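Trainee: For reference, the structure I am asking about is given below.
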Amino acid sequence: MLLKRDLGGALTIGLGIATVAAKSVHGLTCYCEHQCPGGQTNGTCVTSRYSQCFSSVREEINDETGEYEATVSYGCLAAGEQGFLQCKGGNSLSGLAIQCCNSDMCNKDLKPMYIPHSTTTVPPKVHNNSVPYIAFLLSLVICLLVSAIIIGWIYLRYRRKEKNRLYALTSTESYISGTSNLLQTLIGHSSGSGSGIPLLVQRTIAKQIRIERQIGEGRFGKVCLANWRGEHVAVKVFTTINDQSWLRETEIYQTVLLRHENILGFIAADLKVSAGGAQMMLITEYHKRGSLYDFLKENTIDTTQLVVMARSIASGLAHLHEPINGTHGKPCIAHRDIKSRNILVKTNGECCIADFALAVRYDSRRNEIDIAPNLRVGTRRYMAPEVVNDTIDVTSFSSFKSADMYSASLVFWELCRRSRQSWPVGGSPMLQADEYMLPYANLVGSDPSVEDMRVVLIIQGARPDIPIRWKCDNRLRVISEIIQFCWHQNPNVRLAALRVMKTLRKLEDSETLENGIHHV
């Protein structure tokens, strides 16, 4: 009985294997969905030999609801070990299950059991935003620091401005409360650097100026006589097209340690803006004798006055040309427009130099030449040959000083022509002086061009005539020799202003001593 039972069981298993083998030869027909060949949505598929049908469940996240949803797929397993492993190992993962079978369409009714996820809500994504926050905090701190620095700087400037304002008001009141020569006190006052009175005091004065009448006119604008607290001052009013001249002249006048008895006394500079336009004013001392040009046209001088005037002009030039060394020293300055119209006659008989619109400065410590950005050129009649011929070395400051000395020699020549001198006429000596004449007036017109001056100076090599009578007077002879050295064609031969000043001072002192001896 037992043998028969075992034989019957073996027969049954053998038939089953034979049946599977027979089906495996031709493959199984399986239901497919989501896993169909050819991209079909659902249908059937045929497995390869020794493969099976499957049904699988996978939990996937729904992006709209944020929850896990089960997706069931049907299809044919791959042949070989890979399919077998998928069928046996898929159930060990959370949210995933697979079940296999080995008969036609057997997988359509399979419902694999799976372990669902612990929650249906997707855990929130944690973003590391610490870097932007740190950057924001750093930016905020930097902005606060910069703001604090700016506020501190503005506050310090305000404090300094307020201090200067109070000082200026105090200074102005102290000047006004004085009873003796207020204007001379202002002109001689220094803000501490030797560059003149404080800016706020200048503006206070400029607002209190009362213009009386016009006394002169030039290319820059006009000169007016004005009144300030009962004292006369000169106001130079620049036209708007000459703003660079006003800026340059103001800058030069406020140069440290520029003040000198033979430099026109600067009082204030101000810019007034009104409906009629801008008014650029330069307020200086007023000298009622006017310019040297106007004075010589109407007056003659004796040889003593000649020496005083020539020496004072040379003294002013020497002060400009020579530096004053020190922590706050004065730079070298060349005038570049020396002529009789730019020299004023003081009541004491001396002269002072004015009009610094074309001046050039030289900083010896940095070896830099500061030339004004001004399109205006000097007066052509008084230009040195190298300036007319455009061969001046603009990189060498000594070239500008030599050009000044050439122009000064022509002014000295004008002085000598109007000097009275004892000269025998008809057997009896009498005082004589030549008629006033501009340099080269016999060779060029009233407004010569650069080309006219080039013909006279370069091609003809001409110079103004020196009368024989000048050699008969010691003072005229010495000054005429200085003139001939200073208008030499070669700039290197021309005398320096300091040397001319010393020579004329020596001549002045010797004549004074001689007059004193004769008087005794």
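Trainee: Which condition breaks for Cys486 when tested against (1) at pLDDT 95 or above; (2) more than 41 Å from the chain's Cα centre (by Cα); (3) open to solvent by less than 60 Å² (accessible area, probe 1.4 Å)?
Mentor: Going through the list (1) at pLDDT 95 or above; (2) more than 41 Å from the chain's Cα centre (by Cα); (3) open to solvent by less than 60 Å² (accessible area, probe 1.4 Å), Cys486 breaks only (2).
Trainee: Looking only at segment 74-82, decide whether some residue is modelled with pLDDT under 75, part of a helix (DSSP H, G or I) and open to solvent by 80 Å² or more (accessible area, probe 1.4 Å).
Mentor: Scanning segment 74-82, I find at least one residue that is modelled with pLDDT under 75, part of a helix (DSSP H, G or I) and open to solvent by 80 Å² or more (accessible area, probe 1.4 Å), so the answer is yes.
Trainee: Yes or no: Ala314 crowded, with 23+ Cβ neighbours inside 10 Å, under 25 Å from Thr503 (Cβ atoms), hydrophobic (A, V, I, L, M, F, W, C) and in contact with a helix residue (DSSP H, G or I) (Cβ under 8 Å, 6 or more places away or on another chain)?
Mentor: Here the answer is yes, as Ala314 does meet what is asked.
Trainee: Taking the condition part of a helix (DSSP H, G or I), closer than 19 Å to Cys332 by Cα, in contact (Cβ under 8 Å) with a residue 24 or more places away in the chain and of a type in the set (Lys, Arg), does Arg259 pass? Steps first, please.
Mentor: Values: part of a helix (DSSP H, G or I): no; closer than 19 Å to Cys332 by Cα: yes; in contact (Cβ under 8 Å) with a residue 24 or more places away in the chain: yes; of a type in the set (Lys, Arg): yes.
So Arg259 fails the test.
Trainee: Still on this model: Can you list the strands (runs of 3 or more DSSP E) found entirely within segment 265-373 that contain at least 2 residues being at pLDDT below 95 and under 37 Å from the mean Cα position of the chain (by Cα)?
Mentor: Numbers: elements: 266-274, 277-285, 332-334, 343-345, 351-353, 360-363, 368-371.
Answer list for segment 265-373: 266-274, 277-285, 360-363, 368-371.
Trainee: Being open to solvent by 60 Å² or more (accessible area, probe 1.4 Å), over 21 Å from His319 (Cβ atoms) and not in a loop (DSSP other than H, G, I, E, B) is the requirement here; does Ser398 meet it?
Mentor: Details: open to solvent by 60 Å² or more (accessible area, probe 1.4 Å): yes; over 21 Å from His319 (Cβ atoms): no; not in a loop (DSSP other than H, G, I, E, B): yes.
When the stated conditions are applied, Ser398 does not pass them.
Trainee: If you check Ser103, Ser56, Ser130, which single one turns out to be open to solvent by less than 70 Å² (accessible area, probe 1.4 Å) and modelled with pLDDT under 85? Even if it seems obvious, please write down each step before you answer.
Mentor: Details: Ser103 fails: modelled with pLDDT under 85; Ser56 fails: modelled with pLDDT under 85.
Result: Ser130 is the single residue among Ser103, Ser56, Ser130 that is open to solvent by less than 70 Å² (accessible area, probe 1.4 Å) and modelled with pLDDT under 85.
Trainee: What is the number of the single condition among (1) without any contact (Cβ under 8 Å) to a residue 24 or more places away in the chain; (2) open to solvent by less than 50 Å² (accessible area, probe 1.4 Å) that Ala334 does not meet?
Mentor: The single condition Ala334 does not satisfy is (1).
Trainee: If you don't mind, there's one more thing I want to ask. Taking segment 235-246 on its own, how many of its residues are in contact with a strand residue (DSSP E or B) (Cβ under 8 Å, 6 or more places away or on another chain), part of a helix (DSSP H, G or I) and open to solvent by 10 Å² or more (accessible area, probe 1.4 Å)?
Mentor: 4
The values are calculated or read from the model by the stated rules, or taken from the named source; none is laboratory data. Only a predicted model underlies this, so the values are computations on that prediction, with no experimental measurement involved. Glycine also receives a Cβ, built like all others from the backbone with ideal geometry; neighbour counts cover every protein chain displayed. Accessible surface is based on the protein model in full, side chains and every heavy atom, while ligands, DNA and RNA are left aside. Shrake-Rupley method; radii C 1.70, N 1.55, O 1.52, S 1.80 Å.
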